[in-house]
1. Can you tell me which of Pro45, Pro74 is out of contact with any helix residue (DSSP H, G or I) (no Cβ under 9 Å at 6 or more places or on another chain), closer than 30 Å to Ile162 by Cβ, assigned by TED's automatic domain parsing to the domain that holds Thr128 and not in a helix (DSSP H, G or I)?
2. Taking the stretch 85-118 as the region of interest, how many residues are over 17 Å from Thr154 (Cβ atoms) and among the basic types (Lys, Arg)?
3. Between Phe247, Phe146, Phe199, Phe165, which is surrounded by 13 or more Cβ atoms within 10 Å (Cβ to Cβ), in contact (Cβ under 8 Å) with a residue 12 or more places away in the chain, assigned by TED's automatic domain parsing to the domain that holds His83 and not charged (D, E, K, R)?
4. Do you know which residues across the stretch 83-103 are touching a helix residue (DSSP H, G or I) at 6+ places or on another chain (Cβ under 6 Å) and under 21 Å from Val125 (Cβ atoms)?
5. Among the listed residues Ala105, Ala138, which satisfies the condition of being within 23 Å of Asp12 (Cβ to Cβ), surrounded by 17 or more Cβ atoms within 10 Å (Cβ to Cβ) and either among the small types (Gly, Ala, Ser) or without any contact (Cβ under 8 Å) to a residue 12 or more places away in the chain (or both)?
6. For the structure I just gave you, tell me whether Leu221 is modelled with pLDDT of 95 or more, surrounded by 16 or more Cβ atoms within 10 Å (Cβ to Cβ) and not in a strand (DSSP E or B).
7. Right, Ile30: surrounded by 18 or more Cβ atoms within 10 Å (Cβ to Cβ) and more than 28 Å from Lys175 (Cβ to Cβ) or not?
8. So which of Val215, Val179, Val125 ends up being surrounded by 14 or more Cβ atoms within 10 Å (Cβ to Cβ), of a type in the set (Val, Ile, Thr) and assigned by TED's automatic domain parsing to the domain that holds Val71?
Amino acid sequence: MNQKPPIVLLTDFGQRDGYVGIMKGVIHGINPEASIIDLAHDLPPQSIEAARFILWNSYKYFPNESIFVCVVDPGVGSERKIHIYQTQKHVFIVPDNGVLDYVLAEQGIRYAFELENPRIRLSEVSNTFHGRDLFAPAAAQLSKGFVITQVGPTLTSYKIPISPFIHYENQTQAKIIHVDRYGNLITNIKANQSTGLIFIANGNMIQAASSYSQVDEGSLLAIGGSHGLWEIAKRNGNASLELGLDFGNEIQIQQIK
């Protein structure tokens, strides 16, 4: 039997309150054969920025036609819409809050819809748990074969976001776009094989290296991460705490002469 593409869950719910398990219960109640993958659930609460990065860093490693469900939704219960996008390879069910910008800048949009069809939601919809009442049922129905063009009205006016990722070419400013659980400061500058760069972070001059082993224990370094971006790290330590820097801060870059 051919395994259908998975439903991939990304939330800021954590694990202790049962919210993720409830979403899975709803999905399996509609489609008992659904395959569900937990991408992450311990994001900082309401951090659209973290969800945006994690979706971009992850989607390319999943089977074609995977259904991504992102419930990082500070606007739940407000007038914000829920959008369903079909890109070149996947389907994404997301709140309309910019969480998918990095993916859309890279993948583009084949189809885009508002989630409005009452046939693919629970009969009662709360103002605080749309993950259970709207996102999960829609994902389950789509995984079961519900036609995506019937989820709601087509979005006719949208802008493809501009990618924040750039190459270093006399570029002197890098922006921190994500801080991971190790305290690594991930920038928007695409990494290359060159180690002839100096990163200036909060007055600290940090040299690029090709591996953690090139610096002493507790030392700072700049390194090309697995995502293909330059990041500032501390060997066996937390660069964010060491430097007092976080999402949105800027770092200077200079070429060693």
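1. Only one candidate qualifies: Pro45.
2. Count: 1.
3. Phe146
4. Within the stretch 83-103, Ile93, Asn97, Val99 meet the criteria.
5. The match here is Ala138.
6. no
7. Spelling it out, Ile30 is indeed surrounded by 18 or more Cβ atoms within 10 Å (Cβ to Cβ) and more than 28 Å from Lys175 (Cβ to Cβ).
8. When all the criteria are applied, what remains is Val125.
The values are calculated or read from the model by the stated rules, or taken from the named source; none is laboratory data. A quick note: this is a predicted structure, and the numbers were derived from the prediction, not measured. In this analysis, Cβ positions are derived from the backbone assuming ideal geometry, glycine residues included, and neighbour counts consider all displayed protein chains.
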